[in-house]
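To start, the structure under review is shown below, and the notes come after it.
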Amino acid sequence: MRLRIKLRGLVQGVGFRPFLYRLAKELNLKGWVINSPSGVEMEVEGEKGLLEQFLLRLYQEKPPLAQIYSQEREYLEEVGYEDFEIRESKEEGKREAFILPDIATCSLCLKELFDPKDRRYRYPFINCIHCGPRFTIIERLPYDRQNTTMKFFEMCSRCRREYEDPKDRRFHAQPIACPDCGPKLSLLDKEGEVITTGEESLNKVLEALKEGKMVAVKGIGGFHLLCDATREEVVRILRERKKRKEKPFAVMFKTIEQVCLYGEPTELEKALLLSPEAPIVLIRDKGLLAPSVAPSLKRIGAFLPYSPLHHIILDSLDLPLVATSANLSEEPIVKDNQEAIEKLNTLADLILLHNRDIKRRCDDSVVKVVGGIPTPIRRSRGYVPMPIKLPFNLERKVLAVGGMFKNTFAIGFKDTAILSQHVGDVDNLEALKNFEEMVFDLMGLYHFEPEVVVCDLHPSYETTRWAKEFSQKWGIPLIQVQHHYAHILSCMADRELKGKVLGIAWDGTGYGEDGSLWGGEFLLCDYKGYERLFTFRPFRLIGGEKAIKEPRRVALSLLFELYGEKALEMDLEPVRSMEEKELKNLYLAWLKGINSPFSSSVGRLFDGVASLIGIAQVISYEGQAAVMLEDMYDPLVKDHYGYTLKGSLVEWESILEDLIKDKEKEKAPSRFINTLAHVCLEVAKEVGMERVCLSGGVMQNDPLVSKVRELLEREGFRVYTHQKVPPTDGGLSLGQLLYQHQYI
Ligand code: ZN
Ligand code: ZN
Ligand code: FE
């Protein structure tokens with residue numbers, strides 16, 4: 001494989017290229033490295049395992065002065081380099097005036113933070129030109145202290161000296177601060193009364209965490225709730241207070257060594273954990289944490305401390321901590337002090353805050369290795385607002401509002417897209433208000449005035465309604481893009497593809513052109529339009545929305561479809577899980593189509609299968625059943641169930657029949673996933689497009705994507721998956737931006 005890496009940061013003039021040269025040589029990788037206007041660019045080619053070692057060692061062994069504050073990776077096809085060389089530097093280009101994301105505390109600052117002789121010893125707001133908050137403190141461009149929430153702190157003479165000294169690593173570090181002049185901590189009780197301040201508040205927080213208390217801590221993009229991740233009774237209290245039944249919590253570990261005590265990260269996952277973006281990374285769990293951290297899952301979301309305050313807290317404890325965003329069930333993450341006092345008193349026993357304002361909220365990002373490639377699941381802190389280069393120039397300035405769930409929106413101009421941070425589900429008025437604020441905030445920041453607004457096709461998405469109103473108010477055209485087409489456009493843009501591709505868009509559900517709910521689509525796409533070539537045979541979602549939380553409703557619907565009323569007598573898990581009367585009612589609803597829209601969703605098929613093999617009848621968050629099936633996947637199981645293509649339909653009749661007959665239920669998840677991969681291969685052969693894009697929420701399923709890649713690439717197809725934006729609805733806005741048909 002070939003890997004292209006772009007690094008930004010202090011990587012010039014510190015012996016970085018010779019270091020890379022030696023490392024590449026040692027690992028016998030071929031390629032080149034070059035200094036670019038924004039950092040270092042390189043390509044390395046070789047065996048996948050070696051490339052991953054390269055990525056990890058790049059962080060672990062880099063020259064002491066080198067600082068990496070952003071990294072772009074892209075896997076490409078091999079070109080067959082013969083040697084590794086340091087190439088002539090590119091011409092000094094114009095430096096891009098973009099706003100940087102928030103960057104995890106760098107190693108030099110960390111050294112000072114824990115050096116008792118340093119004047120910033122244990123100072124929770126230490127930062128430098130290469131690390132610290134950026135996006136979450138800037139009020140307007142240009143990025144000067146006066147334009148950030150640091151404007152209220154007047155620099156002391158020593159900070160000013162550093163700030164003005166070109167040789168100092170805090171030269172023009174806008175958020176520069178020290179204990180004499182910078183932000184300070186205060187510790188509040190539930191009632192919002194100040195208990196203590198400064199270092200003393202840290203001691204109290206540590207004590208409280210050891211005692212099993214919940215502490216709200218103000219971080220970079222909002223408040224976290226922290227508590228001991230090893231004690232079941234503690235995590236249970238958190239679940240009760242947050243009213244969050246089973247959705248997994250992220251865990252913050254003090255070091256990569258501690259991560260390895262509790263989990264089994266691969267080399268690549270370690271590299272991601274250590275990267276300056278410091279995302280939450282989904283890794284294999286050893287089962288040593290409290291079971292309620294991630295109930296019945298084999299993976300946990302792990303991350304490392306990324307602000308000095310986190311470092312101080314974690315360093316003084318020998319405990320991994322649950323670190324979940326502090327908010328009331330579905331509300332946005334809390335970011336302001338007053339808001340924290342008002343809203344967090346039912347959740348936290350103590351509130352640790354400080355007087356540096358967070359200008360805009362920004363949740364933690366989530367990354368998962370899918371089919372061997374780091375795939376963003378939620379792109380937010382650490383990544384946003386890094387620009388995404390588009391495959392062509394936009395004719396007009398576009399605002400794309402995204403979907404309704406896991407929302408992000410995007411602004412696009414020329415060949416650049418700026419995706420917003422994670423907004424969340426925009427499914428009520430409060431959330432819509434938050435969405436609108438964030439839209440105007442981002443537009444204001446970039447002095448952006450859209451000439452066209454794009455939204456989903458779904459008539460009842462809050463974002464669709466908002467976009468319609470917006471287009472009227474601003475007197476600009478509105479364009480609606482079909483959901484799954486936008487998924488594929490997003491993947492194409494992510495991978496900078498042009499021309500035609502076969503897009504496989506599988507997800508929960510999205511509104512289709514025919515008014516039914518799509519979700520198992522094979523689309524022939526380019527930027528001008530699409531053709532729906534194949535889809536899964538539609539089935540009813542009995543009870544509509546309710547079917548999302550009850551996989552057994554899907555299973556029953558599939559059974560009714562095949563066996564009619566006889567299904568009610570079958571000795572199967574979903575049937576057994578219900579009262580007779582309830583079953584009859586469901587059957588009648590199905591028969592008459594009452595509140596039971598048709599859907600071709602593969603996400604729901606996963607649910608139906610999970611119900612049939614008896615692992616999930618009722619779930620508490622969307623996609624839970626699919627993750628459970630994914631966890632049960634065994635790569636040694638190679639066979640699959642039957643399926644047929646009938647006209648333009650993928651027929652699941654034999655999948656279901658084989659599954660019901662399958663005596664080895666523990667192998668059923670693998671066989672089902674293998675079947676789906678074979679369906680992809682069959683369709684790809686039928687269509688005959690060489691390039692195949694995978695997108696939609698289902699495509700975060702690692703074994704599925706791995707299998708599809710394996711089968712298709714063996715037959716000469718090229719498979720493209722997401723690398724910059726999520727395959728979920730969190731990446732929709734990028735796709736919407738690129739839809740050109742109406743205004744080329
Ligand atoms: Zn630093
Ligand atoms: Zn100072
Ligand atoms: Fe979707």
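The values are calculated or read from the model by the stated rules, or taken from the named source; none is laboratory data. Computed from a predicted structure; not experimentally measured. A quick note on method: Cβ atoms are made from the backbone with ideal geometry, for glycine too, and the neighbour counts reach across all protein chains shown.
Any residue at all in the range 112-127 that's assigned to a helix (DSSP H, G or I) and either closer than 22 Å to R8 by Cα or within 16 Å of ligand 1 (Cβ to nearest atom) (or both)? Yes, because at least one residue in the range 112-127 is assigned to a helix (DSSP H, G or I) and either closer than 22 Å to R8 by Cα or within 16 Å of ligand 1 (Cβ to nearest atom) (or both). For the range 474-521, the set of residues classified as among the hydrophobic types (A, V, I, L, M, F, W, C), under 24 Å from the mean Cα position of the chain (by Cα) and within 30 Å of F440 (Cα to Cα) consists of V481, A486, I488, L489, C491, M492, A493, listed by residue number.
Hey, among L273, L282, L261, which residue is more than 16 Å from E232 (Cβ to Cβ) and surrounded by fewer than 20 Cβ atoms within 10 Å (Cβ to Cβ)? Quick ask: steps written out before the conclusion?
Numbers: L273 fails: surrounded by fewer than 20 Cβ atoms within 10 Å (Cβ to Cβ); L282 fails: surrounded by fewer than 20 Cβ atoms within 10 Å (Cβ to Cβ).
Residue meeting the stated conditions: L261.
All but one of (1) out of contact with any Lys or Arg (no Cβ under 7 Å at 6 or more places or on another chain); (2) aliphatic (A, V, I, L, M); (3) not assigned by TED's automatic domain parsing to the domain that holds A684 hold for I594, so report the exception by its number. Checking I594 against (1) out of contact with any Lys or Arg (no Cβ under 7 Å at 6 or more places or on another chain); (2) aliphatic (A, V, I, L, M); (3) not assigned by TED's automatic domain parsing to the domain that holds A684, the one that fails is (3). Of all the listed residues (I673, I660, I613, I594), the sole one being free of Cβ contacts under 8 Å to residues at least 12 places away in the same chain, out of contact with any strand residue (DSSP E or B) (no Cβ under 6 Å at 6 or more places or on another chain) and among the β-branched types (V, I, T) is I594. Tally time: how many residues in the range 169-199 are assigned to a loop (DSSP other than H, G, I, E, B), more than 13 Å from ligand 2 (Cβ to nearest atom) and surrounded by 13 or more Cβ atoms within 10 Å (Cβ to Cβ)? The qualifying residues number 6. From the list L317, L268, L344, the one residue that fits, being of a type in the set (A, V, I, L, M) and surrounded by 23 or more Cβ atoms within 10 Å (Cβ to Cβ), is L344. Of everything in the range 238-255 that is buried (at least 17 other Cβ atoms within 10 Å of the Cβ) and of a type outside the set (D, E, K, R), the residue that is farthest from L328 (Cα to Cα) is F253. Taking the criterion of being of a type in the set (D, E, K, R) and surrounded by 24 or more Cβ atoms within 10 Å (Cβ to Cβ), would at least one residue in the range 655-668 satisfy it? Looking for residues that are of a type in the set (D, E, K, R) and surrounded by 24 or more Cβ atoms within 10 Å (Cβ to Cβ), one finds none in the range 655-668, hence no. For the range 407-425, check the following and say yes or no: at least one residue is over 20 Å from the mean Cα position of the chain (by Cα) and either outside the structural domain of L737 (by TED's automatic domain parsing) or buried (at least 23 other Cβ atoms within 10 Å of the Cβ) (or both). Looking for residues that are over 20 Å from the mean Cα position of the chain (by Cα) and either outside the structural domain of L737 (by TED's automatic domain parsing) or buried (at least 23 other Cβ atoms within 10 Å of the Cβ) (or both), one finds at least one in the range 407-425, hence yes. Could you look through the range 702-744, keep only residues that are within 14 Å of ligand 3 (Cβ to nearest atom) and polar (S, T, N, Q), and pick out the one that is farthest from the chain's Cα centre (by Cα)? That would be Q736. If you go through the range 515-524 one residue at a time, do you hit one that is within 16 Å of ligand 3 (Cβ to nearest atom), more than 13 Å from G735 (Cα to Cα), touching a helix residue (DSSP H, G or I) at 6+ places or on another chain (Cβ under 6 Å) and acidic (D, E)? Yes, because at least one residue in the range 515-524 is within 16 Å of ligand 3 (Cβ to nearest atom), more than 13 Å from G735 (Cα to Cα), touching a helix residue (DSSP H, G or I) at 6+ places or on another chain (Cβ under 6 Å) and acidic (D, E). Is there a residue in the range 632-642 that is in contact with a helix residue (DSSP H, G or I) (Cβ under 6 Å, 6 or more places away or on another chain), more than 25 Å from G564 (Cβ to Cβ) and either of a type in the set (S, T, Y) or part of a helix (DSSP H, G or I) (or both)? Checking the range 632-642: at least one residue is in contact with a helix residue (DSSP H, G or I) (Cβ under 6 Å, 6 or more places away or on another chain), more than 25 Å from G564 (Cβ to Cβ) and either of a type in the set (S, T, Y) or part of a helix (DSSP H, G or I) (or both).
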